[in-house]
Every structure is written in structure tokens, then in C-alpha cells.
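Here the structure comes first, spelled out in C-alpha cells, and everything after it is commentary.
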Amino acid sequence: MNNKPEHYNAGDIQVLEGLEAVRRRPGMYVGGTDVKALHHLIYEVVDNSIDEALAGYCDHIWITIHPDESVTVRDNGRGIPVEIHPEKKISALQVVMTVLHAGGKFGGGSYKVSGGLHGVGVSAVNALSEWCEVTIYRDNKVYSQRYERGIPKDVVKPVGTYTGNQTGTSTTFRFDRGIFMEDASFRFETLVQRFREMAFVTRGVSIQLTDEREGKEMTFHFEGGISSFARYINRNRETLHPMIYGEKEIDGVGIEFAVQYTDAYSESIYTFANTINTIDGGTHLTGLRAAITRSINDYARKAGLLKDSEANFSGDDTREGLTGIVSIKHPDPQFESQTKVKLMNPEVQTYVQSVVLETLSTFLDENPATGRAIVQKCLTSARARDAAKKARDLVIRKSALESMTLPGKLADCSERNPEKTEMFIVEGESAGGSAKQGRDRHFQAILPLRGKILNTERARLDKILGNREVKSLVSALGTGIGDSFDLKGLRYGKVVIMTDADVDGAHIRTLLLTFFFRYMQPLIEEGHLYIAQPPLYRISSRNQVYYAYKDEEKDKLIAKLGGINKVGLSRYKGLGEMNPEQLWETTMNPENRTLLQVEIEDAVEVDQTFDMLMGSLVPPRRRFIQTHAKEVRNLDI
Ligand code: 0RA
């Protein structure tokens, strides 16, 4: 029997053109051909299963990464329909798999993730796969179809039967090595973060991730939904009260929120629309914020904690130390654009505001002790904000008077075009000295820091602004800080953290990263922040000098040069041990050096990590350092 499609008709030709367009311009459909785009392929397929879960037909999703980097996504939903379309004469499954944007046309009436934002449909994944196989379990029959580069290799046909009433869809695809980078591979941690988040906001669904490459497996299932999410975010923080949670459906829009105050100073609010992390907020965020400010001010007045003569708390005052999640499910979500992940539906603001206001006001009335503690925290925050404003005004006035005062210890460069300049932040005076002598003073500036900079995770802005090291950093960069940060003022295109490869160096690096993350986030987002990679070893052999940046590299080099007894080996403990020429050659010269660019991959995770390393609870910090010790090269203990 011949399973091959017999002839191409006009519809087929359109399909082929569509798939070809995806293969020619993958950037238009999955955002590129890099590792990030690769992960998008999995998300696209999983989104369809999540839709089936949101529609109430599926509660298990299994994702497996196979040793050859092919991926299987299976769910226990109804199974994609396989019936033959009476006019088109092909199976509905084939339409979903080969026609761009066809997926969303089925079903309808429910919330959809796929097609919502990055939604290009599984057909784009299919087009970008060397091969793809879909298996459907429906009506006790197993159906299957195989595609190569999006083109069906056979017709959808029953390939077997089974007993029991389980149904579902299983898709396996192997990304095309001719389109994505040959040696690209999936990152378990990246997938873990994404699927954990999806499980939090799709309450009750079980997402199991198996990595056959390294024999790893994780399952996410949260009966508590976003309350579990907020608890997870706060797991290393001291909390002020039990979780406050509310949910309601208004006009077909599902609203869910969870909030809890902690002893932290920063605000951690995350917003979702149809499980998509709306990192730029939108109307749901506005509604949540407005309701919090209003219910706390109302309560404080009613309880006599704010006098008539005193002003209302500002929104910022009511959000210090607040962890909050709002998640909405909308049948027709409107986003600002493809790249800006911001929810625009205006009615959502009113809906969220009313649900939060009602729940929070009732909670405060019924829990006066907690109410007082929260108001107390807002009062402290308002006073600190006032002090910070005075300190900032002083700094601004001072710099206006002294007109562009750069810190005295900054060794500036002569070039003025920020696109060409670099500033190295160096730990300690001696390393600073070597760096100053070794640099190319035309475009490289050096800012030495004395000892440890302030832990900005455990201090409020007024104290941070008073810190000398922070002050010199801010004025050297020229950007301002916090709310008044402006990237336009940036004086150096590359800001490079250069610390020793030991525990102290790692600590200072973390303090600096914390500072940049909390107060100068756009600097990281726009790709200006880097970490220098000084070598760990100097190896000499027959009047030649080699440098090694990793232990494996050192071992290989020594073996190549004739063994450990044939070479001179010295280990750099700190930057200060290198003379200026060596520092230039190995770490600062753009021709030879490696710089690591700092990226914010997942804001929740970064938030957590800084919290854990810099926060007040001790045990979690130890756990983090233990589990990550292998990644911290040359840990000197
Ligand atoms: C529309 C209708 C039906 C199933 C699905 C969509 C469906 C799609 C995907 C994609 C991945 N997993 C899925 N599971 C289900 C079935 C309609 C019916 O049975 O009447």
C-alpha cells in the first residue's frame, strides 16, 4: 500500500510555501536560530497541551529530552482530531501540523496560550524540524504521522489499538541542524524554570520533565497554584503573615492573586496572562497596585493609624517587602506587541482591582494585628523614602554645583565616545595599580574599589546613597540610580567587573551584581555589564609563557608541554600578583581576553539567588553555596 500523498493541489502548494517561508526566515517565527529560539520550539508545543489543560481536558504533561536532542511532548488531553476534512480531504491533524496559525481555529471559547503571544503554532516547529512524529490516542485507536522538514511523509493513519479510555497527543521533533546551530543543545535548568512557572499558574496540572541525556527528572504540580508560587518566592524570607489569596471569575475572565509581606526591602511582583509571564506588567498589575494602596490607606485611616493631618501612603510605601502574584485567564488577551510582554485589556484593571480590594480589606478587618504590622512597615518605609529623597536631592545639588565631579580615584580614559569606552571596576588598591598601568588609557578607565562594597540587598536607598563606594560608582557611570537612572548618561559602553578568582572576589562580584540588578537593571538588560576572566595559572616552558583559565585547560597544556616536571607552574591568587603587562595580555586586551556578558535570564530566579546569597536567613545560603560549589572555579577553602 502506498502511503504517500498522491498529488499536490493548490492548497498543498500554499502549505509548502508557508513552511518554506518559516525555514527561510526562522527569526520572524521563533525569534532567531540561537539557543533561546531552540527552547521556544519546546514551549510552542507545550503551550498547546497547556491550552488543553486550561480547557479542562488534560492534567498531565510529560516532556522528555532524548540523548540525540530530540524532544517528546505528551499530554493526556482529548488528542488532536484526526478526522478527514470533507473538502480538503486531509486530516485535521495534518492541517494543524502544516498550516501556519491553524492550531487556534479548533475548539474556541476557552483560554488560549498558544496563538496568544509567541504563538506561531506547532506548524512552525514542524517546519524547523529535521523530522517530527505525532501520535494521537483517540477512540481506542493510535494514529500517527511523520514529517520531514514539515512535509508529510505518509498520511494520517491508524497504526494500532489500545484498551482503556486514555486519550492524548504525543509529539516528537528533532530540530533541524541545518537551521539551528549544529551543536546547540537544550538547557535543563532553563526548562525547569519555565515549566515550574507554568505549573504554578496552571493549578493542578502535573508537568514532568525528563532529561535522558543525564538521567535527570523533575515533576511540578502545585495544588496551591499561585499561593505556592508566592510561598516559593518567599521561602528564604521572613514573612509577616499567612498568605492572602483571592480568586473570582468576572465576565468570563478568571482572576487570581496572592500577596504576602516580608521583611525584605524590595518589591517582588510577578504578573501572568494566560500563563504568559507579562514582564512589562499591564492592566492586571495596575489593578493590583491600585487596590493594595487603597485598601491599606483605608484601613490605616479607619484604625486611626494614619492621622487626618498625615498624607496617604504612596504606592511605593505600601509595596516595600511585598511579594505578589496576579494571574489572569482571558478568552481574548490583548498584548502591546510581539516583543513587549504587556497586557492591554482595559477591563482587566477594574476586575483585578475589585477582587483584590474586597479580599484585602476583609483580611485586614479580620486580622487587626497583621493590619497594624503592615501599616507600621509602610510608615517606616515612608520615612526612609523621605530621607532618601533628601539624600538624593543633596547629591544632585552637589553635583550640579561641582559640575561633573568624577571620583578622585577614577583613572579616566581620553576617548569620550561611550561606544568605544570601557570601565573596569577593580577590587583593591594593588590590583587597581596594575590595571591602571597595564590598560590602554585611550579607551579604558579604571575604578578601584576599597574592600567590600555595601550589601545593597540589606539596606535602604538612603543608606546606599550615603555609601562612598556606591557614590563613586554612580558618578563615574554618569547614569544616576534607581528611579532617576538614565542610560543616556552612561559614560562607558562596557562596564567590566574584574575581581580576584577567590572567595572574596566572588563575594564582591555578587555584591556588585546585586547592586546593578536592583538599581541599574537597564544597564544589564541592554548588555553593558561584563565580567572579566583573569587566568588561574601561568605555565612557562622553554622561555615561552602560557596562561590557563580553567583547571582542565591547565592539565591539557602541561601534558602537551611534556608533563608537570618539565614546566614552571604558578597559580594566580589575585589580580595583584600579575604585573601590568600580564594583566593587559591576559585579561584586558580585547584581542586576547574573554569577557562574560551578564544576562538576566529569568527575573524570578535572579531575584531568588540574590535574596539567598545576601538575605538574612543563614541555612539557605549555605545550601546554595554547597550545591553550586562545583561551578565556582578555584574556590579557596
Ligand atoms: C481542539 C479540539 C480537540 C482537541 C484539541 C484541540 C487538542 C489539541 C492539542 C494540541 C496538543 N495537545 C492537544 N490536545 C487536544 C478535540 C475536540 C474533540 O475531541 O471533540
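The values are calculated or read from the model by the stated rules, or taken from the named source; none is laboratory data. All values reported here derive from a predicted model rather than from experimental measurement. Cβ atoms come from the backbone with ideal geometry, glycine included; neighbour counts cover every protein chain shown. We work out accessible area using only protein heavy atoms, side chains counted, and drop any ligands, DNA or RNA first. Shrake-Rupley method; radii C 1.70, N 1.55, O 1.52, S 1.80 Å.
Structure values in brief
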| quantity | calculated |
| --- | --- |
| Expected 222 nm ellipticity per residue - DSSP helices of 4 or more, -39500 (n - 2.57), all of the chain, to 500 | -12000 deg cm²/dmol |
| Residue order for Ser295, Ser475 - accessible surface, 1.4 angstrom probe, largest first | Ser475, Ser295 |
| Low-density loop positions, trypsin sites (Lys or Arg not before Pro), the stretch 277-383 - DSSP coil, at most 12 other Cβ in 10 Å | Lys307, Lys340 |
| Per residue value of the accessible surface for the chain (all protein chains in place, 1.4 Å probe), Å² | 47 |
| Spacing of the two label points (7 Å from each Cα toward its C-beta) at His85 and Ser309, in nm | 7.5 |
| Among Ile63, Gly438, Val156 the positive-end extreme of the charge dipole of the chain (Cβ point charges) | Gly438 |
| Furthest towards positive pole of dipole, Phe229, Ala199, Thr210, structure part the stretch 188-232, Cβ charges | Phe229 |
| Rounded to the nearest 10 Å², the accessible area of Met198 at probe 1.4 Å | 10 |
| Exceeding the 28 Å Cα-Cα cut-off - candidates Lys307/Lys342; Lys471/Lys494; Lys157/Lys216 | Lys307/Lys342; Lys157/Lys216 |
| Cα gyration tensor shape for the chain, rounded if a/c is under 1.5, else prolate or oblate | oblate |
| Whole-angstrom gap from the stretch 258-285 to the stretch 492-556, using each part's C-alpha centre | 33 |
| Per-pair calculated FRET efficiency, R0 = 25 Å: Asp386 and Asp298 via Cβ, rounded to 0.05 | 0.65 |
| FRET efficiency, Gln376 to Lys573 (Cβ-Cβ, R0 56 Å, nearest 0.05) | 0.70 |
| Per-residue ³J(HN,Hα) for the stretch 535-550, Karplus 6.51 cos²θ - 1.76 cosθ + 1.60, θ = phi - 60°, Hz, x for Gly and Pro | x, 9, 9, 10, 10, 10, 7, 6, 6, 10, 10, 10, 10, 10, 9, 9 |
| Where the Cα pairs of the stretch 312-353 fall when distances are cut into 5 Å bins, in % | 5, 16, 21, 19, 19, 13, 6, 1 |
| Gain in span if fully extended, Val159 to Lys420, counting 0.36 nm per residue against the direct Cα distance | 87.7 nm |
| Pairwise label distance in nanometres, Asp555 with Asp486, each label 7 Å out on the Cα-Cβ vector | 5.4 |
| Accessible carbon and sulfur surface of the chain relative to its total accessible area, %, 1.4 Å | 50 |
| Beta bridge orientation in the chain: antiparallel %, DSSP, nearest 5 | 70 |
| Most to least accessible of Asp551, Asp298 (protein chains only, probe 1.4 Å) | Asp298, Asp551 |
| At least 27 Å along the helix axis (C-alpha) and Kyte average at least 0.0, DSSP helices within the chain | 35-54, 346-366 |
| Label-point separation in nm, Asn467 to Ser354, each point 7 Å along Cα→Cβ | 4.6 |
| Per DSSP, loop GluC sites (Glu not before Pro) in the stretch 183-287 with at most 16 further Cβ within 10 Å | Glu212, Glu214, Glu223, Glu238, Glu267 |
| Sites matching GluC sites (Glu not before Pro) across the stretch 440-549 that sit in DSSP coil, with at most 16 neighbouring C-beta atoms within 10 Å | Glu526 |
| Pairwise FRET efficiency - Glu189 versus Glu69, Cβ, R0 = 22 Å, nearest 0.05 | 0.85 |
